[in-house]
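First up is the structure itself, then whatever we jot down about it.
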Amino acid sequence: MEWIDGTKRDDFNWQRTPLTQDALAGKKVVVVGGTNGIGRAFAHTLAAQGAEVIVVGRTFRDEGAERISFIQADLSDMEQARRTAQELPIETLDWMIFTTGIMPGKKREENSEGIEIDLAVSYLSRFVIVRETAERLGKNRAQTEVKPRVFVVGFPGTNQKGDINDLNSKGNYSLMTAHSNTVIGNEALVLDGAARYPHVNFYGLNPGLKKSNIRAGMLGEGSFFQGAAEFVIGMVTESVEDYSERIAPLFVSTGIENQSGALFNRHGDPIHPSRELADAANLQKVIEVSEKLTSRTLGAAG
Ligand SMILES: NC(=O)c1ccc[n+]([C@@H]2O[C@H](COP(=O)([O-])OP(=O)(O)OC[C@H]3O[C@@H](n4cnc5c(N)ncnc54)[C@H](OP(=O)(O)O)[C@@H]3O)[C@@H](O)[C@H]2O)c1
């Protein structure tokens, strides 16, 4: 199958050699959602190799860690997402990595703007930050041999059964449909970003099932079910730390430089986009709905 730029995604490879000590010295990275789980593992891996890392989240868990600094934000609030974007040293960043995420509860919850909470945290806050920053991303970087990069962690390429006509889950609410809507949104963010911002490279990462805190909202924070589910997942899947170590060379790989819009599975192999989003009209629909839902925030930006 051909990708949006006509290349065959199965044809390309990237350098998987583990990063050497200080390989990332001089790199500046923000990990939005870098305070826990997969994002925190990324922050540790990248800082350990010399990168300066800013993590965004609600709770900082790495006080005193070398080369990791913190911006606090509740990203269920679109205005806080916009303010966070304005606080970031966007022009000097090499990469922006999005790993924020929750799963919705059994009943629909919304923020003060009427946006379903999972959609707000896991997708639309990212959409707002990208729209607010992409034009300026990496314009004044020290190292300019490759384009600045945006990595969007989600669940791309999995043909989720969401509802692009009701992205905000206003109709019949279903937890799984609501979550699938965030998955579709994030995949659309990569595909649209690649076309919209040619001076930036966008990539989507599907980490596969990982032991983390992501299911707290769905199973009950600290509940027996959450503990049991994460215990089992931890027994049968790779840890977030191992995933991070293995995928880190992708962040710097020159082998993906001409592959903006590419999606990668948990092994780091390129995967095809979901069928629904391979249709340009559906992709456009998702973006239009996202613009509408965030118009109050982005409109206020002037
Ligand atoms: N784990 C899996 O099985 C799995 C599978 C497929 C895809 N993914 C994707 O991987 C990404 C990371 O998930 P994870 O498993 O690492 O989850 P996680 O351990 O729960 O981490 C989620 C991150 O999001 C932040 N966050 C949550 N609510 C926030 C809010 N209101 N405001 C600001 N930050 C907020 C958390 O920060 P605080 O703790 O500081 O609030 C944390 O840094 C998500 O996009 C998820 O969809 C995960």
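At-a-glance table
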item: Residue in the stretch 44-66 that is under 26 Å from Arg108 (Cβ atoms) and either in contact with a Leu (Cβ under 7 Å, 6 or more places away or on another chain) or aromatic (Phe, Trp, Tyr) (or both) present; result: no
item: Selection status of Ile129, under 16 Å from the mean Cα position of the chain (by Cα) and either under 26 Å from Val55 (Cβ atoms) or touching a residue at least 40 places away in the same chain (Cβ under 8 Å) (or both); result: yes
item: Residues within the stretch 203-246 that are more than 12 Å from the ligand (Cβ to nearest atom), touching a helix residue (DSSP H, G or I) at 6+ places or on another chain (Cβ under 8 Å) and within 26 Å of Pro18 (Cα to Cα), tallied; result: 2
item: Matching helices (runs of 4 or more DSSP H) fully within the stretch 170-282 where at least 1 residues are surrounded by fewer than 13 Cβ atoms within 10 Å (Cβ to Cβ); result: 224-236, 240-252, 275-278
item: Selection status of Ser274, hydroxyl-bearing (Ser, Thr, Tyr) and within 21 Å of the chain's Cα centre (by Cα); result: yes
item: Residues of the stretch 114-151 satisfying the condition of being part of a strand (DSSP E or B) and under 23 Å from Arg296 (Cβ atoms); result: Glu116
item: Residue list for the stretch 162-178, filter: within 23 Å of Ile271 (Cα to Cα), more than 16 Å from the ligand (Cβ to nearest atom) and in contact with an Asp or Glu (Cβ under 9 Å, 6 or more places away or on another chain); result: Ile164
item: Condition check for Val146: of a type outside the set (Phe, Trp, Tyr) and within 18 Å of the chain's Cα centre (by Cα); result: no
item: Cβ-Cβ under 8 Å pairs, at least 6 apart or on other chains, the stretch 266-284 side under 26 Å from Thr237 (Cβ atoms), far side surrounded by 13 or more Cβ atoms within 10 Å (Cβ to Cβ) and among the hydroxyl-bearing types (Ser, Thr, Tyr); result: Arg266/Tyr243; Ser274/Thr158
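Conditions tested, residue by residue: (1) under 17 Å from Asn206 (Cβ atoms); (2) touching a strand residue (DSSP E or B) at 6+ places or on another chain (Cβ under 7 Å).
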site	(1), (2)
Gly227	no, no
Glu238	yes, no
Ser244	yes, no
Ala248	yes, no
Ile256	yes, yes
Gly261	yes, yes
Arg266	yes, no
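Here's the yes/no breakdown for (1) within 16 Å of Thr99 (Cα to Cα); (2) at pLDDT 95 or above; (3) small (Gly, Ala, Ser):
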| position | (1), (2), (3) |
| --- | --- |
| Gly185 | yes, yes, yes |
| Asp192 | no, yes, no |
| His199 | no, yes, no |
| Tyr203 | yes, yes, no |
| Asn206 | yes, yes, no |
| Ile214 | yes, no, no |
| Ser223 | no, no, yes |
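The values are calculated or read from the model by the stated rules, or taken from the named source; none is laboratory data. Since the model is a prediction, treat every value here as computed from it, not as a measurement. We place every Cβ from the backbone using ideal geometry, glycine too, and count neighbours over all the protein chains shown.
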